[in-house]
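**Q** Quick one: structure below, then a few questions.
What follows is calculated from the coordinates using simple rules that are stated; it is not laboratory data. For clarity, every value in this text was computed on a predicted model and none was experimentally measured. Heads up, the Cβs are rebuilt from the backbone with ideal geometry, glycines too, and the neighbour counts pull from every protein chain shown.
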Amino acid sequence: MKYRIATFALMVGTAACAAAQTRQTQTATPADGSRSFDRPQFPSTYVRREYPPVLIENATILTAAGDEIENGSILFRNGIIETVSNSPITPPEDAIVVDGTGKYVTPGILAAARALGIADNYGSLESGKVASVVVWSDDPFEFSTTVNHVFIRGNEVLLTSRQQELAERYMQLPPNTNRR
């Protein structure tokens, strides 16, 4: 008797699965019959913010194009490198001037630019290329070297986090003398 009930349950289950597979599913299609990639997408409203020009002077510049410029200067404006020179550059009036004395300047995404096939715009410090730049405290290949400044498309990126700022603020509070 147990086997008959089990066999019957198996037959009912198999029939239910077969019936479920024969149902046709319908997908939602727009009234005009087009697919999402055929329709015009929302246009971008992104507008790049203007940043002041940046001049890094008196630094050792490793261009990644084969040159090493001692006491060089690099000027970038609107995220694009305007000038790389081994002589002083007169900064524009509204420029942010970074003293690079004793520091090294390298491109920010050297190997990735070649790997991604975008080395014509990124990856070296040359006029006309995108200004993604790192300013190091010393030779970038030395163990004790630290990063002083990072510029992505000409915009300086802060090197402190919100947690670090809160910790520094907390450490400056006077000690709590009302403890019980």
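**Q** Sorting check: for 71-81, 141-151, 46-56, 155-165, which peptide has the highest mean count of neighbouring beta carbons within 10 Å, and how do the rest follow?
**A** Peptide ranking by packing, descending: 71-81, 46-56, 141-151, 155-165.
**Q** To continue, here is another question. If Lys and Arg each add +1 and Asp and Glu each add -1, what is the summed charge of the other residues whose beta carbon sits under 9 Å from the beta carbon of Asn58?
**A** Values: positive: Lys103; negative: Glu57, Asp99.
Charge balance in the 9 Å sphere: -1.
**Q** Label-point separation (nm) for Glu142 and Glu126, each offset 7 Å from Cα along Cα-to-Cβ?
**A** About 2.9 nm, to one decimal.
**Q** Could you please report the charge total around Arg48, scoring K, R as +1 and D, E as -1 over all other residues with beta-carbon less than 15 angstrom from its beta-carbon? Show your work: numbers first, answer last.
**A** Working: positive: Arg49, Arg77, Arg153; negative: Glu50.
Within the 15 Å Cβ shell, the charges total +2.
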